[in-house]
Each structure stands twice: as structure tokens, then as C-alpha cells.
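Some notes on the structure that comes next.
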Amino acid sequence: MIRHLVFLKYQNSVSQDTKERILLDLEALKAEVSGFISFGSGPNISPENDVVRGFLDMFWIDFEDTASRDAYLSNETHQGIAGRINAATDGGVDGVFVCDVVV
């Protein structure tokens, strides 16, 4: 199984409603992407502010395998959501950190 972890540093002006809409749209991709097992999200509550560096929001998706993860990455709907994320994060792609791990 592949766990796709995404940490986000949103611009201060981004509303909670915008953040929630992005998360709901990502979770809805489960119906489009074969091998998309589960979705989760939450705030980063670490007290280690020096190393958190403003990445205060995160989500994760569990995929059956790398092929499923790759199908998600190339999915047209995902590409649109990724564009919305980049527009909402501080510095665009600099406001996004992605880490994939085998679980």
C-alpha cells in the first residue's frame, strides 16, 4: 500500500470553506480512481513551529499500489484540484510538500 501525504501552507487569505471544498473534492476522487482506498485530513498540531514552517494543513490518501497512485496523479480532475491548491498556497508549489511511503 502507498500512503500519499500532502502538507499544505495556505495563504492567510484562504477561507476555511475553500480549504474544506478542496478536501471534499479530493475525497470524491475515490469514485474515479481505481485503487484509491481511503482519504484522511487534519490540522498539523505539532508544537515544533521551527520545523513545521507554516505547513499547518494536511491530507493523505492510501492507494493499493504505485499504479493506483500514478493513475490519481494523472487524473484530469486531480490536475484541476492541484491547480486550485497551488493557487491557494503560499508560493504556489512552494506551499506544498508531498511524501509517498510504502505502508
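Would you call HIS4 touching a Lys or Arg at 6+ places or on another chain (Cβ under 8 Å), on the phi < 0 side of the Ramachandran plot and surrounded by 12 or more Cβ atoms within 10 Å (Cβ to Cβ)? Spelling it out, HIS4 is indeed touching a Lys or Arg at 6+ places or on another chain (Cβ under 8 Å), on the phi < 0 side of the Ramachandran plot and surrounded by 12 or more Cβ atoms within 10 Å (Cβ to Cβ). Scanning the stretch 35-68 for residues that are surrounded by fewer than 11 Cβ atoms within 10 Å (Cβ to Cβ) and of a type in the set (S, T, N, Q) yields SER46, ASN49.
Filtered by the rule that a residue be of a type in the set (S, T, N, Q) and either out of contact with any strand residue (DSSP E or B) (no Cβ under 9 Å at 6 or more places or on another chain) or not in a helix (DSSP H, G or I) (or both), the stretch 47-72 gives a lone residue, ASN49. Has the stretch 74-86 got any residue that is of a type in the set (D, E, K, R), in contact (Cβ under 8 Å) with a residue 40 or more places away in the chain and not in a helix (DSSP H, G or I)? No; the residues of the stretch 74-86 include none that is of a type in the set (D, E, K, R), in contact (Cβ under 8 Å) with a residue 40 or more places away in the chain and not in a helix (DSSP H, G or I). Apart from one condition, SER74 fits all of (1) touching a helix residue (DSSP H, G or I) at 6+ places or on another chain (Cβ under 6 Å); (2) more than 16 Å from ARG3 (Cα to Cα); (3) among the polar types (S, T, N, Q); the exception is (1). The residues of the stretch 13-34 that are farther than 21 Å from ALA87 by Cβ and surrounded by fewer than 15 Cβ atoms within 10 Å (Cβ to Cβ), listed by number, are ALA31, GLU32, SER34. Mind checking which pairs have a first residue in the stretch 34-48 that is at positive phi and a second that is in a strand (DSSP E or B), Cβ under 6 Å, 6 or more apart or different chains? As it stands, the answer is GLY35/PHE63, since those pairs meet every condition given.
Taking residues in the stretch 60-71 that are closer than 9 Å to ARG3 by Cα and modelled with pLDDT of 95 or more, and partners anywhere that are part of a helix (DSSP H, G or I) and of a type in the set (Phe, Trp, Tyr), the pairs with Cβ atoms closer than 9 Å and at least 6 places apart or on different chains are ILE61/TYR72; PHE63/TYR72.
The values are calculated or read from the model by the stated rules, or taken from the named source; none is laboratory data. Bear in mind that the values here come from a model prediction, so they are computed numbers and not experimental data. For neighbour counting, all protein chains shown are included, and Cβ atoms are generated from backbone atoms with ideal geometry for every residue, glycine included.
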